[in-house]
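Trainee: I have a structure I would like to understand better, so I am pasting it below and will then ask my questions one at a time.
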């Protein structure tokens, strides 16, 4: 099997209100929190929402070779309305950042795990809400990186 190609990946946790973003190191070993973006729900249908424009700027700034978006699969493994919403978001993002690929990955429980880890570190309430989306993006990207590494071993 081939090794994961070198380059920064961005992990994205798409929520209704916020978008959490994480980034990997160029070797694809470790995901770290980057930023939380506010969702732009006011953009005209033919305009690029500001959060997608900001993501595109981050892709360029970090010279990302791929973007990994968490797909909310329900506990039964099915794709519900939230998954359809995220797929549409990922498609729109892919159209803006092409030729950089966008990958979807199962993000079941990422926000729950992120919230629990933050709480264990004493981060609660408003402070937790401010960073939980970034922490969920870290969980999404780290799980994806670990899975890619397992596949190439």
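The values are calculated or read from the model by the stated rules, or taken from the named source; none is laboratory data. Worth saying up front: this structure is predicted, and the values here are computed from it rather than measured. Reconstructed Cβ throughout: ideal geometry from the backbone, glycine too, with neighbour counts over all protein chains shown.
Trainee: What number of residues within the stretch 95-109 are touching a strand residue (DSSP E or B) at 6+ places or on another chain (Cβ under 9 Å) and modelled with pLDDT of 95 or more?
Mentor: 6
Trainee: I would also like to ask the following. Being under 14 Å from the mean Cα position of the chain (by Cα) and assigned to a strand (DSSP E or B) is the filter here; which residues of the stretch 74-112 pass it?
Mentor: Answer for the stretch 74-112, where residues must be under 14 Å from the mean Cα position of the chain (by Cα) and assigned to a strand (DSSP E or B): 102, 103, 104, 105, 106.
Trainee: Report yes if residue 67 is in a strand (DSSP E or B), within 23 Å of residue 150 (Cα to Cα) and free of Cβ contacts under 8 Å to residues at least 60 places away in the same chain, otherwise no.
Mentor: Considered against the rule, which asks whether it is in a strand (DSSP E or B), within 23 Å of residue 150 (Cα to Cα) and free of Cβ contacts under 8 Å to residues at least 60 places away in the same chain, residue 67 comes out as yes.
Trainee: Confirm whether residue 116 is modelled with pLDDT of 85 or more, in a helix (DSSP H, G or I) and surrounded by fewer than 17 Cβ atoms within 10 Å (Cβ to Cβ).
Mentor: When the stated conditions are applied, residue 116 does not pass them.
Yes or no, residue by residue, for (1) over 24 Å from residue 101 (Cβ atoms); (2) in contact with a strand residue (DSSP E or B) (Cβ under 9 Å, 6 or more places away or on another chain):
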{"site": "38", "(1), (2)": "yes, yes"}
{"site": "41", "(1), (2)": "yes, no"}
{"site": "47", "(1), (2)": "no, no"}
{"site": "60", "(1), (2)": "no, no"}
{"site": "73", "(1), (2)": "no, yes"}
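Trainee: Further question: Does the stretch 90-103 hold any residues that are touching a helix residue (DSSP H, G or I) at 6+ places or on another chain (Cβ under 8 Å) and under 23 Å from residue 145 (Cβ atoms), and which are they?
Mentor: 93, 97, 100, 101, 102, 103, listed by residue number.
Trainee: Checking the condition within 13 Å of residue 93 (Cα to Cα), without any contact (Cβ under 8 Å) to a residue 12 or more places away in the chain and assigned to a loop (DSSP other than H, G, I, E, B), which residue from 47, 43 passes?
Mentor: None of the other options fit; the residue is 47.
Trainee: May I ask you to say which residue of 59, 86, 67, 48 is in contact with a helix residue (DSSP H, G or I) (Cβ under 9 Å, 6 or more places away or on another chain), within 14 Å of residue 107 (Cβ to Cβ) and surrounded by 14 or more Cβ atoms within 10 Å (Cβ to Cβ)?
Mentor: 67
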